[in-house]
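Here the structure is laid out as structure tokens; the discussion comes afterwards.
The values are calculated or read from the model by the stated rules, or taken from the named source; none is laboratory data. Remember, predicted model here, so these are calculated numbers, not experimental data. Cβ coordinates were reconstructed from backbone atoms using ideal geometry, including for glycine residues, and neighbour counts include every protein chain displayed.
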Amino acid sequence: MNDVLDVAWRLLAVFVAFLVLPLVVGQTEHKVMAHMQGRLGPMYAGGFHGWAQLVADGVKFAQKEDVVPAAADRRVFQLAPAVALLPYLLVLITIPVGPGNAVGQAVDAGVFFVLAVMGVGVLGSVMAGWASANKFSLLGGLRTAAQLLAYELPMLLAAASVAMAAGTVSLSGIIEGFHWWWVPWQLVGAVVFFTAGLAELQRPPFDMPVADSEIIFGAYTEYTGLRFALFLLAEYAGIVVLCGLTTVLFLGGWNGPGGADGLGWLWTLLKTAVLAFGVIWLRVSYPRLREDQLQKLAWTVLIPLALAQIALTGVVKVVISS
Amino acid sequence: MILAAGHPGFLSPTGVEIAFVLVGLVTFGAALVTVATRQLVHAALWLVVTLGGLAVEYLLLTAEFIAWVQVLIYLGSVVVLLLFGLMLTKAPIGRSPDADSGNRPVALAAALVAAALLVWVVVDAFRSTWIDLSTVQGSTDVAGRSLFQHWVLPFEALSVLLLAALVGAIVLSRRNGRPAGKETR
């Protein structure tokens, strides 16, 4: 009975984190963008610093009518937001936040699990793009699928480098093997992983699939109300997951000055938050790339860098162990 | 894989075995719909269910690593590429009248023969071996060891084969009418 209760508690905690953290990132994005670009809108609602903007957004989304276009494929159209959102919830369950047992559910092959399940989220966008019966949506879906060709491989290779360094594919095992000099050692891999992750999340500068000035909002053009909000939530949950993963794989997770015991989870959250701030910063400061520019970047820069990182990891690993 | 001394019977199945059969039935059903549906994109989406069901079967057999790789490669990449191709070729919403090539009886016969062959081979190879699932049989450690100790030669041969296929695909795709190097910019 105790086991069941334990599992239930963990899942509840992960679920609460899944509901809260993406909203925190979303609210932060409003405010950071408002400050950086001198936007007045997000600073208005509710008075002080526009604190109620998020509430207003929520009310707006909940009020809007849930429209399914007449020519759309109803079931696929309605299913797509769930397919886009749920994988991130599953991934969040396995990300360790603190030493010992502070994880929703430890998975033996954690690195493979998170990369595999995160990859499934793309299906949601592709399904939405096809089922909407809208040319802009179709273009968005096509761009989403094309983008996959660019980011999937460098992301896997960069993650493989860390797994080689730690000698394990378990996420908590990787953090336990972490030493501070891993940061410079795996720096190239970290940059490749994070860049490829941005492309997976379709965040600027890689937001061609939703490019609002070219194809309205890509695969999500026909969505309204709560289903549209679910897609947005998936984007912010993706930011949380990507930053959390980069923290776990490359920045030592709960390790930090002052020891891992007690305050370890705080270090994880802090590193994740700093990375998330970086993601937002990139959105306000970088122009959008074209789809072919992303392919070129991935195949001529990211993949060679990732391969070089793997070679470096292998060499250092052999030198250390001999 | 061990040969259990006292043979576990078929009449008192454990929870895992029941789940295995149920998931197997769902997977089989999804596979049937995949080949039978007239809607092209729906076929691809049912393929997702089929491949996902296979991943669950691997999980139930404690082969965690294989299960995640199945999800990573097939669900995350192959099916997305398939959908990409379908979207490029204007797959309509609703039924595709030309989705059926009229080869149903032949395809059915081929499928039955292939299935019979596979079942016969597997049954003949494993007859009365019983996998004890109470200990993990397919962890990353075990899979890695057997792959890179016992099966390293086939593994490398396969990678050479895949490389050859890759180079062949590139060569074929570059030769569309005009000589390489003179392509339009």
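Quick one: A:Glu152 ticks every box in (1) under 22 Å from A:Trp254 (Cβ atoms); (2) acidic (Asp, Glu); (3) not in a loop (DSSP other than H, G, I, E, B) except a single one, so which number is it?
It is condition (1) that A:Glu152 fails.
Before we move on, is B:Leu117 in the same structural domain as B:Val41 (by TED's automatic domain parsing) and without any contact (Cβ under 8 Å) to a residue 24 or more places away in the chain?
Taking the combined requirement at face value, the residue satisfies it.
Considering only segment B:87-96, I want to know if a residue exists there that is under 30 Å from A:Phe113 (Cβ atoms) and surrounded by 11 or more Cβ atoms within 10 Å (Cβ to Cβ).
So far as segment B:87-96 goes, yes, one or more of its residues are under 30 Å from A:Phe113 (Cβ atoms) and surrounded by 11 or more Cβ atoms within 10 Å (Cβ to Cβ).
Do any helices (runs of 4 or more DSSP H) lying entirely in segment A:225-322 carry at least 3 residues that are within 26 Å of A:Ala56 (Cα to Cα) and out of contact with any Ser or Thr (no Cβ under 8 Å at 6 or more places or on another chain), and which ones are they?
In segment A:225-322, the matching helices (runs of 4 or more DSSP H) lie at A:225-250, A:264-285.
With in contact with a helix residue (DSSP H, G or I) (Cβ under 8 Å, 6 or more places away or on another chain), without any contact (Cβ under 8 Å) to a residue 40 or more places away in the chain and not polar (S, T, N, Q) as the only criterion, which of A:Gly177, A:Gly110 stands out?
The unique qualifying residue is A:Gly177.
Each row is one residue, and each column tells you yes or no for (1) more than 9 Å from chain B (Cβ to nearest Cβ); (2) surrounded by fewer than 23 Cβ atoms within 10 Å (Cβ to Cβ); (3) assigned to a helix (DSSP H, G or I).
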site: A:Lys60; (1), (2), (3): yes, yes, yes
site: A:Glu65; (1), (2), (3): yes, yes, no
site: A:Asp108; (1), (2), (3): no, yes, no
site: A:Phe113; (1), (2), (3): no, no, yes
site: A:Ala128; (1), (2), (3): yes, no, yes
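Is at least one residue of segment A:97-106 within 21 Å of the chain's Cα centre (by Cα), surrounded by fewer than 21 Cβ atoms within 10 Å (Cβ to Cβ), within 13 Å of chain B (Cβ to nearest Cβ) and among the aliphatic types (A, V, I, L, M)?
Checked segment A:97-106: at least one residue is within 21 Å of the chain's Cα centre (by Cα), surrounded by fewer than 21 Cβ atoms within 10 Å (Cβ to Cβ), within 13 Å of chain B (Cβ to nearest Cβ) and among the aliphatic types (A, V, I, L, M).
Does B:Leu112 satisfy the criteria of being modelled with pLDDT under 90 and either in contact with an Asp or Glu (Cβ under 9 Å, 6 or more places away or on another chain) or in the same structural domain as B:Val23 (by TED's automatic domain parsing) (or both)?
no
Being within 23 Å of A:Ala298 (Cβ to Cβ), in a helix (DSSP H, G or I), more than 15 Å from the chain's Cα centre (by Cα) and within 12 Å of chain B (Cβ to nearest Cβ) is true for just one of A:Gly121, A:Gly141. Which residue is that?
Testing whether each residue is within 23 Å of A:Ala298 (Cβ to Cβ), in a helix (DSSP H, G or I), more than 15 Å from the chain's Cα centre (by Cα) and within 12 Å of chain B (Cβ to nearest Cβ) leaves just A:Gly141.
Could you look through segment B:117-141, keep only residues that are over 21 Å from the mean Cα position of the chain (by Cα) and part of a helix (DSSP H, G or I), and pick out the one that is farthest from A:Gly167 (Cα to Cα)?
Result: B:Asp124.
Can you tell me which residue among B:Phe84, B:Phe148 is among the hydrophobic types (A, V, I, L, M, F, W, C), surrounded by fewer than 12 Cβ atoms within 10 Å (Cβ to Cβ) and within 14 Å of chain A (Cβ to nearest Cβ)?
From the options B:Phe84, B:Phe148, the qualifying one is B:Phe148.
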